[in-house]
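Encoded as structure tokens, the structure appears first; notes follow it.
The values are calculated or read from the model by the stated rules, or taken from the named source; none is laboratory data. Given the structure is predicted, the values throughout are model-derived calculations rather than measurements. All Cβ positions, glycine included, derive from the backbone under ideal geometry; neighbour counts span all protein chains shown.
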Amino acid sequence: MILMIDDEKRTLDSYLQELRLNDFAVRYESLVDAGLKCLEENAHEIELLILDLMLPFGQAFNEEETDKGLRTGVLFYERVRRTNDRLPIIILTNNVDEGIRRVFEQDPHCRFFRKEDLLPFELADEVKDFLQPENQ
């Protein structure tokens, strides 16, 4: 199962549809707290996390540490990495901060894409490639 966490559902509908057309089981969560709960309860089923960086902070994080939501995805990523350093993660965001991007590019189990640069069928292709056994 793929877990996708992003608060812009309307923007993601075409990505979700394309992933499902390519036979991927996808669970979508728009809230950080629901995403964390899903990840904890279904850790053994989740093969890939697709995560936005700019998200409402919810109860899991506070406004100050997330820079008013601009870094919520970064904190979510860090929390995941403390318990699972090999889970494939795709960052799919509108964030263009090159410093943040470089952090994710250092992780061999993470890929970073800007939404405006990646069409839905390209995301499906990236997911297929990323989930190949030799990439694990």
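Let's see how each residue does on (1) modelled with pLDDT under 90; (2) more than 19 Å from Leu19 (Cβ to Cβ); (3) of a type in the set (Asp, Glu):
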| position | (1), (2), (3) |
| --- | --- |
| Leu75 | no, yes, no |
| Arg79 | no, yes, no |
| Thr93 | no, no, no |
| Arg101 | yes, yes, no |
| Pro108 | no, yes, no |
| Phe112 | no, no, no |
| Leu123 | no, no, no |
| Lys128 | no, no, no |
| Pro133 | yes, yes, no |
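Please determine, by comparing only the residues of the range 67-106 that are in a helix (DSSP H, G or I) and charged (D, E, K, R), which one is farthest from Leu39 (Cα to Cα). Here the residue is Glu98.
Determine which member of the set Leu21, Leu31, Leu12 is in contact (Cβ under 8 Å) with a residue 12 or more places away in the chain, of a type in the set (A, V, I, L, M), within 15 Å of Phe121 (Cβ to Cβ) and surrounded by 13 or more Cβ atoms within 10 Å (Cβ to Cβ). I'd like the intermediate steps shown before the answer.
On the way: Leu21 fails: surrounded by 13 or more Cβ atoms within 10 Å (Cβ to Cβ); Leu31 fails: within 15 Å of Phe121 (Cβ to Cβ).
Going through Leu21, Leu31, Leu12 in turn, the sole match is Leu12.
Screening the candidates Glu64, Glu40 for the property of being surrounded by fewer than 19 Cβ atoms within 10 Å (Cβ to Cβ), assigned to a loop (DSSP other than H, G, I, E, B) and either of a type outside the set (Ser, Thr, Tyr) or without any contact (Cβ under 8 Å) to a residue 24 or more places away in the chain (or both) yields one hit, Glu64. Considering the range 43-53, and only residues there that are in contact with a Gly (Cβ under 6 Å, 6 or more places away or on another chain) and outside any strand (DSSP E or B), the residue that is nearest to Val127 (Cα to Cα) turns out to be Asp52. Which residues, taken from the range 1-30, are outside any strand (DSSP E or B) and in contact with a strand residue (DSSP E or B) (Cβ under 8 Å, 6 or more places away or on another chain)? Those that are outside any strand (DSSP E or B) and in contact with a strand residue (DSSP E or B) (Cβ under 8 Å, 6 or more places away or on another chain): Met1, Asp6, Lys9, Leu12, Tyr15, Leu16, Leu19, Arg20, Phe24, Ala25, Ser30. Put simply, of Asp52, Asp97, Asp125, Asp117 the only residue that is over 19 Å from Leu12 (Cβ atoms) and either surrounded by fewer than 19 Cβ atoms within 10 Å (Cβ to Cβ) or in contact with a helix residue (DSSP H, G or I) (Cβ under 7 Å, 6 or more places away or on another chain) (or both) is Asp97.
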